[in-house]
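The values are calculated or read from the model by the stated rules, or taken from the named source; none is laboratory data. The shown structure was predicted, so the numbers you read here are calculated from the model rather than taken from an experiment. Because the Cβ atoms are built from the backbone with ideal geometry, glycine has one as well, and the counts that use them run over all protein chains shown. Remember, those area values only see protein heavy atoms, side chains included, never the ligands or the DNA or RNA. Shrake-Rupley method; radii C 1.70, N 1.55, O 1.52, S 1.80 Å.
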2 protein chains.
Amino acid sequence: MSVDSGADLFKALGDATRRTILDELIDRDGQTLFEICGRLTMRYGLASSRQAISQHLAVLEQAGLVHTRRQGRYKFHHVDTRPLRSIVERWPIDRGDPP
Amino acid sequence: MSVDSGADLFKALGDATRRTILDELIDRDGQTLFEICGRLTMRYGLASSRQAISQHLAVLEQAGLVHTRRQGRYKFHHVDTRPLRSIVERWPIDRGDPP
DNA sequence: GTTATAGGCAACCCGCTACTTGCCTGTCAA
DNA sequence: TTGACAGGCAAGTAGCGGGTTGCCTATAAC
(Lines give C-alpha, C1' and ligand atoms only; values in the text may rest on other atoms or scores of the structure.)
Protein backbone atom coordinates (compact mmCIF):
# COMPACT_ATOMS: atom_id res chain seq x y z
CA MET A 1 0.00 0.00 0.00
CA SER A 2 2.96 2.29 0.51
CA VAL A 3 3.60 4.64 -2.37
CA ASP A 4 7.35 4.08 -2.82
CA SER A 5 8.26 7.69 -2.19
CA GLY A 6 11.72 8.74 -3.21
CA ALA A 7 11.69 7.26 -6.68
CA ASP A 8 13.55 10.34 -7.89
CA LEU A 9 16.20 9.73 -5.27
CA PHE A 10 16.96 6.18 -6.37
CA LYS A 11 16.77 7.14 -10.00
CA ALA A 12 19.37 9.82 -9.34
CA LEU A 13 21.67 7.43 -7.52
CA GLY A 14 21.27 4.82 -10.21
CA ASP A 15 23.81 6.35 -12.59
CA ALA A 16 27.55 6.06 -12.05
CA THR A 17 28.31 9.50 -13.47
CA ARG A 18 25.83 11.13 -11.11
CA ARG A 19 27.40 9.31 -8.16
CA THR A 20 30.79 10.62 -9.22
CA ILE A 21 29.34 14.13 -9.43
CA LEU A 22 28.19 13.76 -5.83
CA ASP A 23 31.69 12.65 -4.82
CA GLU A 24 33.16 15.63 -6.58
CA LEU A 25 30.73 18.12 -5.05
CA ILE A 26 31.36 16.75 -1.60
CA ASP A 27 35.08 17.15 -2.15
CA ARG A 28 34.58 20.74 -3.32
CA ASP A 29 31.13 22.19 -2.77
CA GLY A 30 29.64 25.05 -4.77
CA GLN A 31 31.12 24.42 -8.20
CA THR A 32 29.78 25.69 -11.49
CA LEU A 33 28.84 23.47 -14.39
CA PHE A 34 32.09 24.14 -16.25
CA GLU A 35 34.16 23.48 -13.15
CA ILE A 36 32.45 20.15 -12.63
CA CYS A 37 33.01 19.19 -16.27
CA GLY A 38 36.69 20.01 -16.04
CA ARG A 39 37.31 18.23 -12.78
CA LEU A 40 35.39 15.14 -13.85
CA THR A 41 37.67 14.89 -16.85
CA MET A 42 40.86 15.61 -14.93
CA ARG A 43 40.33 13.53 -11.81
CA TYR A 44 37.99 10.76 -12.89
CA GLY A 45 38.79 10.37 -16.58
CA LEU A 46 35.17 11.01 -17.55
CA ALA A 47 34.82 12.60 -20.97
CA SER A 48 31.20 13.68 -20.84
CA SER A 49 29.92 16.72 -22.67
CA ARG A 50 28.68 19.81 -20.91
CA GLN A 51 25.09 19.04 -21.83
CA ALA A 52 25.33 15.55 -20.41
CA ILE A 53 26.59 16.84 -17.07
CA SER A 54 23.92 19.53 -17.10
CA GLN A 55 21.22 16.91 -17.48
CA HIS A 56 22.76 14.84 -14.70
CA LEU A 57 22.74 17.87 -12.42
CA ALA A 58 19.07 18.43 -13.21
CA VAL A 59 18.28 14.88 -12.13
CA LEU A 60 20.29 15.32 -8.94
CA GLU A 61 18.49 18.58 -8.23
CA GLN A 62 15.08 17.00 -8.75
CA ALA A 63 16.06 14.34 -6.22
CA GLY A 64 16.95 17.07 -3.72
CA LEU A 65 20.56 15.94 -3.61
CA VAL A 66 21.82 19.16 -5.20
CA HIS A 67 20.64 22.73 -4.70
CA THR A 68 21.61 25.57 -7.01
CA ARG A 69 22.33 29.25 -6.42
CA ARG A 70 22.46 31.73 -9.28
CA GLN A 71 24.84 34.65 -9.21
CA GLY A 72 25.27 36.68 -12.36
CA ARG A 73 26.08 34.36 -15.17
CA TYR A 74 27.31 31.69 -12.78
CA LYS A 75 25.25 28.94 -11.22
CA PHE A 76 26.76 27.25 -8.19
CA HIS A 77 25.84 23.72 -7.21
CA HIS A 78 25.67 22.59 -3.60
CA VAL A 79 25.27 19.07 -2.26
CA ASP A 80 22.61 18.06 0.24
CA THR A 81 22.94 14.52 1.52
CA ARG A 82 19.92 14.68 3.80
CA PRO A 83 17.60 12.88 1.35
CA LEU A 84 19.83 9.84 1.81
CA ARG A 85 18.46 9.53 5.29
CA SER A 86 15.17 8.23 3.91
CA ILE A 87 17.00 5.15 2.66
CA VAL A 88 18.21 3.97 6.06
CA GLU A 89 14.87 4.97 7.56
CA ARG A 90 13.01 2.79 5.09
CA TRP A 91 15.27 -0.23 5.55
CA PRO A 92 16.99 -0.04 8.96
CA ILE A 93 20.52 -1.36 8.78
CA ASP A 94 21.25 -4.54 10.68
CA ARG A 95 23.92 -4.56 13.35
CA GLY A 96 26.80 -6.91 12.74
CA ASP A 97 29.90 -7.32 10.62
CA PRO A 98 29.74 -6.39 6.99
CA PRO A 99 29.40 -9.40 4.64
CA MET B 1 40.24 7.77 -9.18
CA SER B 2 37.81 5.93 -6.94
CA VAL B 3 36.26 2.93 -8.62
CA ASP B 4 32.60 3.55 -7.80
CA SER B 5 32.20 0.31 -5.90
CA GLY B 6 28.67 -0.77 -5.23
CA ALA B 7 27.32 -0.22 -8.70
CA ASP B 8 25.31 -3.41 -8.29
CA LEU B 9 23.82 -2.00 -5.11
CA PHE B 10 22.50 1.15 -6.73
CA LYS B 11 21.35 -0.73 -9.77
CA ALA B 12 19.35 -3.01 -7.50
CA LEU B 13 17.78 -0.11 -5.63
CA GLY B 14 16.97 1.69 -8.86
CA ASP B 15 13.83 -0.27 -9.62
CA ALA B 16 10.53 0.29 -7.80
CA THR B 17 9.51 -3.36 -7.90
CA ARG B 18 12.79 -4.42 -6.32
CA ARG B 19 12.34 -1.83 -3.57
CA THR B 20 8.88 -3.22 -2.88
CA ILE B 21 10.36 -6.72 -2.71
CA LEU B 22 12.75 -5.46 -0.04
CA ASP B 23 9.82 -3.98 1.87
CA GLU B 24 7.98 -7.26 1.65
CA LEU B 25 10.95 -9.37 2.73
CA ILE B 26 11.57 -7.11 5.71
CA ASP B 27 7.93 -7.51 6.70
CA ARG B 28 8.19 -11.30 6.41
CA ASP B 29 11.67 -12.71 5.95
CA GLY B 30 12.50 -16.03 4.35
CA GLN B 31 9.82 -16.25 1.69
CA THR B 32 9.91 -18.38 -1.41
CA LEU B 33 9.56 -17.03 -4.93
CA PHE B 34 5.89 -18.01 -5.18
CA GLU B 35 5.09 -16.49 -1.80
CA ILE B 36 6.66 -13.23 -2.85
CA CYS B 37 4.73 -13.22 -6.11
CA GLY B 38 1.45 -13.81 -4.31
CA ARG B 39 1.99 -11.22 -1.63
CA LEU B 40 3.17 -8.59 -4.10
CA THR B 41 -0.07 -9.04 -5.97
CA MET B 42 -2.27 -9.11 -2.87
CA ARG B 43 -0.76 -6.33 -0.83
CA TYR B 44 0.82 -4.03 -3.39
CA GLY B 45 -1.32 -4.59 -6.47
CA LEU B 46 1.71 -5.57 -8.52
CA ALA B 47 0.87 -7.99 -11.32
CA SER B 48 4.34 -9.17 -12.25
CA SER B 49 5.03 -12.61 -13.59
CA ARG B 50 7.03 -15.19 -11.72
CA GLN B 51 9.97 -14.84 -14.10
CA ALA B 52 10.05 -11.09 -13.64
CA ILE B 53 10.21 -11.44 -9.85
CA SER B 54 12.84 -14.15 -10.21
CA GLN B 55 15.03 -11.83 -12.24
CA HIS B 56 14.52 -9.06 -9.70
CA LEU B 57 15.59 -11.39 -6.90
CA ALA B 58 18.72 -12.30 -8.85
CA VAL B 59 19.63 -8.63 -9.10
CA LEU B 60 19.00 -8.13 -5.39
CA GLU B 61 21.12 -11.18 -4.60
CA GLN B 62 23.98 -9.92 -6.75
CA ALA B 63 23.87 -6.68 -4.81
CA GLY B 64 24.14 -8.61 -1.56
CA LEU B 65 20.77 -7.34 -0.38
CA VAL B 66 19.20 -10.79 -0.49
CA HIS B 67 20.69 -14.14 0.42
CA THR B 68 19.12 -17.46 -0.53
CA ARG B 69 18.91 -20.81 1.19
CA ARG B 70 17.85 -23.95 -0.66
CA GLN B 71 15.86 -26.63 1.04
CA GLY B 72 14.45 -29.39 -1.11
CA ARG B 73 12.49 -27.81 -3.89
CA TYR B 74 12.07 -24.59 -1.97
CA LYS B 75 14.40 -21.61 -2.05
CA PHE B 76 14.02 -19.17 0.78
CA HIS B 77 15.01 -15.53 0.42
CA HIS B 78 16.45 -13.50 3.27
CA VAL B 79 17.12 -9.77 3.42
CA ASP B 80 20.44 -8.27 4.37
CA THR B 81 20.41 -4.52 4.71
CA ARG B 82 24.07 -4.21 5.65
CA PRO B 83 25.19 -3.24 2.13
CA LEU B 84 23.13 -0.06 2.58
CA ARG B 85 25.69 1.09 5.09
CA SER B 86 28.13 1.78 2.26
CA ILE B 87 25.82 4.53 1.03
CA VAL B 88 25.94 6.63 4.17
CA GLU B 89 29.63 5.87 4.49
CA ARG B 90 30.28 7.20 1.02
CA TRP B 91 28.21 10.35 1.48
CA PRO B 92 27.90 11.16 5.20
CA ILE B 93 24.49 12.57 6.01
CA ASP B 94 24.35 16.18 7.12
CA ARG B 95 22.86 17.06 10.47
CA GLY B 96 19.87 19.35 10.37
CA ASP B 97 16.19 19.37 9.56
CA PRO B 98 15.01 17.54 6.46
CA PRO B 99 14.24 19.85 3.52
C1' DG C 1 5.61 -45.11 -12.01
C1' DT C 2 2.58 -40.40 -12.94
C1' DT C 3 1.32 -35.81 -11.82
C1' DA C 4 1.78 -31.44 -9.73
C1' DT C 5 4.70 -28.11 -7.74
C1' DA C 6 8.91 -24.87 -7.29
C1' DG C 7 12.19 -22.96 -9.88
C1' DG C 8 15.71 -22.12 -13.92
C1' DC C 9 17.32 -20.79 -18.68
C1' DA C 10 17.35 -18.40 -23.08
C1' DA C 11 15.61 -15.60 -26.61
C1' DC C 12 12.90 -11.83 -27.96
C1' DC C 13 10.35 -7.22 -27.65
C1' DC C 14 9.78 -2.58 -26.17
C1' DG C 15 10.15 1.58 -23.60
C1' DC C 16 13.19 4.38 -21.04
C1' DT C 17 17.38 6.91 -20.58
C1' DA C 18 21.90 8.67 -21.34
C1' DC C 19 24.20 11.11 -24.79
C1' DT C 20 24.78 13.91 -28.73
C1' DT C 21 23.85 17.74 -31.90
C1' DG C 22 22.40 22.24 -33.06
C1' DC C 23 20.84 26.50 -31.84
C1' DC C 24 19.33 30.01 -28.56
C1' DT C 25 19.44 33.30 -24.21
C1' DG C 26 21.74 35.96 -20.85
C1' DT C 27 25.92 38.07 -18.65
C1' DC C 28 30.30 40.36 -18.47
C1' DA C 29 34.71 42.33 -20.49
C1' DA C 30 37.14 44.96 -24.13
C1' DT D 1 28.69 47.47 -29.36
C1' DT D 2 30.97 43.42 -30.18
C1' DG D 3 32.86 39.43 -28.72
C1' DA D 4 33.67 35.73 -25.39
C1' DC D 5 31.82 33.12 -21.75
C1' DA D 6 28.24 30.43 -18.80
C1' DG D 7 24.31 28.12 -19.36
C1' DG D 8 19.59 26.47 -21.39
C1' DC D 9 16.28 24.15 -24.68
C1' DA D 10 14.73 20.70 -27.88
C1' DA D 11 14.91 17.02 -31.12
C1' DG D 12 17.10 12.77 -32.52
C1' DT D 13 19.83 8.44 -31.75
C1' DA D 14 21.57 4.16 -29.64
C1' DG D 15 21.94 1.03 -25.99
C1' DC D 16 20.35 -0.97 -21.81
C1' DG D 17 16.99 -3.00 -18.82
C1' DG D 18 12.48 -4.84 -17.48
C1' DG D 19 9.05 -7.78 -19.11
C1' DT D 20 7.22 -11.61 -21.60
C1' DT D 21 7.08 -16.20 -23.82
C1' DG D 22 8.34 -20.88 -24.24
C1' DC D 23 10.53 -24.77 -22.72
C1' DC D 24 13.37 -27.21 -19.44
C1' DT D 25 15.04 -29.56 -14.67
C1' DA D 26 14.24 -31.14 -10.06
C1' DT D 27 11.74 -32.25 -5.98
C1' DA D 28 7.60 -33.88 -3.71
C1' DA D 29 2.85 -35.87 -3.53
C1' DC D 30 -0.40 -39.36 -5.34
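For region A:18-39, which positions are part of a helix (DSSP H, G or I), open to solvent by less than 30 Å² (accessible area, probe 1.4 Å) and of a type in the set (Val, Ile, Thr)?
If the condition is that a residue be part of a helix (DSSP H, G or I), open to solvent by less than 30 Å² (accessible area, probe 1.4 Å) and of a type in the set (Val, Ile, Thr), then A:THR20, A:ILE21, A:ILE36 are the ones that fit.
Step by step: first the residues of region B:70-96, then only those that are free of Cβ contacts under 8 Å to residues at least 24 places away in the same chain and within 16 Å of DNA strand C (Cβ to nearest atom), then the one that is most open to solvent (accessible area, probe 1.4 Å). Which residue is that?
Among those that are free of Cβ contacts under 8 Å to residues at least 24 places away in the same chain and within 16 Å of DNA strand C (Cβ to nearest atom), it is B:ARG73.
Out of all the residues in region B:26-37, is one or more touching a helix residue (DSSP H, G or I) at 6+ places or on another chain (Cβ under 8 Å), at negative phi and within 14 Å of chain A (Cβ to nearest Cβ)?
We begin by selecting, within region B:26-37, every residue touching a helix residue (DSSP H, G or I) at 6+ places or on another chain (Cβ under 8 Å); these are B:28, B:31, B:33-34, B:36-37.
When the remaining residues are screened for being at negative phi, the result is B:28, B:31, B:33-34, B:36-37.
This time we only want the ones that are within 14 Å of chain A (Cβ to nearest Cβ), so: none.
Within region B:26-37 (the criterion being touching a helix residue (DSSP H, G or I) at 6+ places or on another chain (Cβ under 8 Å), at negative phi and within 14 Å of chain A (Cβ to nearest Cβ)), the answer is no, since none of the residues qualifies.
Within region B:54-97, how many residues are away from chain A (no Cβ under 14 Å) and among the basic types (Lys, Arg)?
The number of residues fulfilling the criteria is 4.
For region B:40-49, state whether one or more residues are more than 9 Å from chain A (Cβ to nearest Cβ), exposed (fewer than 15 other Cβ atoms within 10 Å of the Cβ), in a helix (DSSP H, G or I) and free of Cβ contacts under 8 Å to residues at least 12 places away in the same chain.
Taking region B:40-49 first, the residues more than 9 Å from chain A (Cβ to nearest Cβ) are B:40-42, B:46-49.
Remaining after also requiring exposed (fewer than 15 other Cβ atoms within 10 Å of the Cβ): B:41-42, B:47, B:49.
Right, trim to in a helix (DSSP H, G or I) and you get B:41-42.
Going one step further and asking which of them are free of Cβ contacts under 8 Å to residues at least 12 places away in the same chain, we end up with B:41-42.
Yes: one or more hits.
Among (1) polar (S, T, N, Q); (2) more than 13 Å from DNA strand D (Cβ to nearest atom); (3) modelled with pLDDT of 95 or more, where does A:SER2 come up short?
(3)
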